1. What Cys residues in the chain have no fellow cysteine's beta-carbon under 4.7 angstrom?
2. How much of the DSSP beta bridge set in the chain is antiparallel, as a percent to the nearest 5?
3. List the pairs from Lys6/Lys111; Lys6/Lys58; Lys100/Lys151; Lys99/Lys256; Lys54/Lys276; Lys50/Lys227 whose alpha-carbon separation is above 19 Å, in the order I gave them.
4. What distance in nm separates the simple spin-label points at Thr390 and Glu101, each placed 7 Å from Cα in the Cβ direction?
5. Determine which aspartates and glutamates satisfy two conditions relative to Lys426: a Cα distance under 17 Å, and not lying fewer than 8 residues away in the same chain.
6. Just how large is the dipole of the range 132-252 about the Cα centre, in debye to the nearest 20, putting +1 at every Lys and Arg Cβ and -1 at every Asp and Glu Cβ?
7. From zero up to wherever the largest Cα-Cα distance of the range 27-131 sits, split into 10 Å bins and tell me the percent of pairs in each.
8. What FRET efficiency do you get for Asp345 and Ala269 if R0 is 45 Å and r is their Cβ-Cβ distance, rounded to the nearest 0.05?
Amino acid sequence: MTGIKKVAICGAGGTMGAGIAIVAARGGYETVCFDMSADALARQRAAADKFFGKSVDKGRMSAEDKEATMARMSDSTDLNELADCDLIIEAIFEDLGVKKELFGKLNEICKPETIFASNTSTLSITEIAGGSGRDDRVVGMHFCLPAQVMKLIEMSRGINTSDETFQTAWAWTESCKQIPVETQDKPGFILNALLVPFNNDVIRAIEAGLCTPEDLDLAIKSGLGYKMGPCTLLDLIGLDTQVRLGEAFYPITLDKRAAVPPLCRRMVAAGRLGNKSGSGLLTGLTSEKATEAPGYAIVGTGESRSFPAGDAFLSGGAEGAPVTVHLGGGFAPDDSKTAVLVELDTECLGVHTGEDLGREGSNVVGFARYRNGNDAPSNLIELVKQPNTTPEALAAARAVFEVAGFDVVVCADQPGRIIDRLVRPKYNDALRFLDEGLATAEDMDKTCCMGLGYPDGPLERVQRGGLARHYDVTTVLQEMTGQPGYAPARAAVVAKARG
Ligand SMILES: NC(=O)c1ccc[n+]([C@@H]2O[C@H](COP(=O)([O-])OP(=O)(O)OC[C@H]3O[C@@H](n4cnc5c(N)ncnc54)[C@H](O)[C@@H]3O)[C@@H](O)[C@H]2O)c1
C-alpha cells in the first residue's frame, strides 16, 4: 500500500507527460493532467483515447476498462486543482529555474505529505528539490520515451530525500506495473550518462569520415545485436535534442565526449534535425548485396579470430583464385590478384601495407569479423580501406563475404574500426560508474536492455569478452588516438595485472 490515491502530471500535454498520465490512469489512479496549454491537454486526451482504443482492439483491455480509465483522467490549467494530490510528477520543460518555480508554487498549494517527483533527464534532483520547501519529499522518477510503452523507470534520491518518500514512490511505480531501478542523483542517471557521449562519438565518427551512417548502423546492429542503429536513433531523437543534451552534460561532467560535436551543430544550423525535419544523419543510400563473387584462396599464417577452425568459410577456398584471404595477420603483396585481404586484430592496415602520406593504395583490403572476446564470431565483417584502395578490390572483397552470408561494412583505416571505436569507451564508462556506485551492475545492464533495446548490458558483455582483452584493445586505441575515453578502466587494469 502506497497511500497514494490521486496523482497529478505537470506538463501532461507534452511528449513525456502525456505518456506518464496514461501510465498513472491505467494503474488505477485518479489522474489530473495539468499543463499551461489547454490545447496541448486536448491533444493529449485525444491521444490517450486512441492509445486505449488500440489496447481494446488488441484485447489487452475491455471497452468498460477503457471508459473507466479515461474517466479517471481530468484536465486542468489551474495549479490550485492539484491541492489534494498525493503524488505530483513533473514533466515540464528541462529548465532548472522553471522546475524549481513550479515545485515552489506547489509547495504553497499542496498538503504537506504530497510527494513531488521529477522526470528530468539531465538536472540534479537535489538542486530541483532545493526550491521545493520540502526537499525530503522530492524524488527522481525518470521515465523512458514513450512512457506508456516503456516499463523502465530510473529512480533517484536527492541528498535530503527521505527513505519513506523514496519507498512510497518506488512502490507506486510498481503498482503501475513499471520496473524501477535505483541510480544515484548524477547527470543523466544511467541511461543518458551512457547514451549521450556514445551518440556524440557516433556523430564524430561520421564527421571523421570513418564510414557511412548506414554502414555504422548495420555494424552496430549486426555486430552487437542492438535493436536500432545509433544514426536511426539520433534521427529519431532529433539532432537539436542531442545538442541540448550535450550542452547540459558537458559543463557538469567536463567529459570531452559529452561536448557537442561540431557536425551536430552544423546539421542543426542546416535544418537537418532528423525525422522531424525530413532529413538527418541517414542518407538513404545503401548498396545492393552482391549475388556473385570471385573465388578466394585462403592463406593461413596464424590463428584466426574471424574464422576459427571448422568455420564454413574456410572450406570455400580454391587455390589460385583471384582473391587471396590472409588469416592470422600475415600478408604478402601480390599485384596479380584482384584483391588481397588481410585479417586485422587491433592494428591498422597501414601496419601491413606501409603508409605513404595518403598516397598508398592498392588491391589490399583489411578485414575483421567482429567478435566479443571468445564469444562465437558475429555475422559482421568490417572491411578496411586506405585512401587509394581500388574500387575493384573493395567490390571483390565485399562480394566474397556477402555471398558467404555475412553483413559487410566498409570503413577507413582508423583506430578501432567501427565497433571497438564506439563501444569500448562505453564499457569504460560502465565500469567506472560501477566503481563510483552509480547503480548496481544488474541495474545498469537492465537499464540498457530495457531502455535501449540492447541484447545484453555493457557490463555483462565486457566481462564475458574478457576484461584483460578490454585492456589490450583500449590500450592500443588510447595510444593511437590520445583520447582519455579509451584509458582502460580500473577493473580492466586489475584483470590485466592478474593475467
Ligand atoms: N523527450 C524525451 O525523450 C524525454 C525522456 C525522458 C525525460 N524527459 C524529460 O521530460 C521533461 C519533459 O520533456 P518533453 O520532451 O516531454 O517536453 P515537451 O516540450 O514535449 O513537453 C513539456 C510540456 O510541459 C508544459 N509546460 C512547460 N512549462 C510548464 C509549466 N510551468 N507549467 C505547466 N506546464 C508546463 C508544456 O506546455 C508542454 O506541454 C523534461 O524534463 C525532459 O528532460 C524527456
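Quick note: the coordinates plus some simple rules give every number you see, no bench work behind them. Quantities reported herein were computed from a predicted structural model and do not represent experimental measurements. Quick reminder, even Gly has a Cβ in these numbers, built from the backbone with ideal geometry, and neighbours come from all protein chains shown.
1. Cys10, Cys33, Cys85, Cys110, Cys144, Cys176, Cys231, Cys264, Cys348, Cys448, Cys449
2. 20 percent
3. Lys6/Lys58; Lys100/Lys151; Lys99/Lys256; Lys54/Lys276; Lys50/Lys227
4. With each label placed 7 Å out from Cα toward Cβ, I get 6.8 nm.
5. Asp201, Asp217, Asp255, Asp435, Glu436, Glu442, Asp443, Asp445, Asp456, Glu460, Asp472
6. Roughly 220 debye, rounded to the nearest 20.
7. In order of increasing distance, the bins hold 13, 39, 32, 15, 2 percent.
8. Here the calculated transfer efficiency is 0.65.
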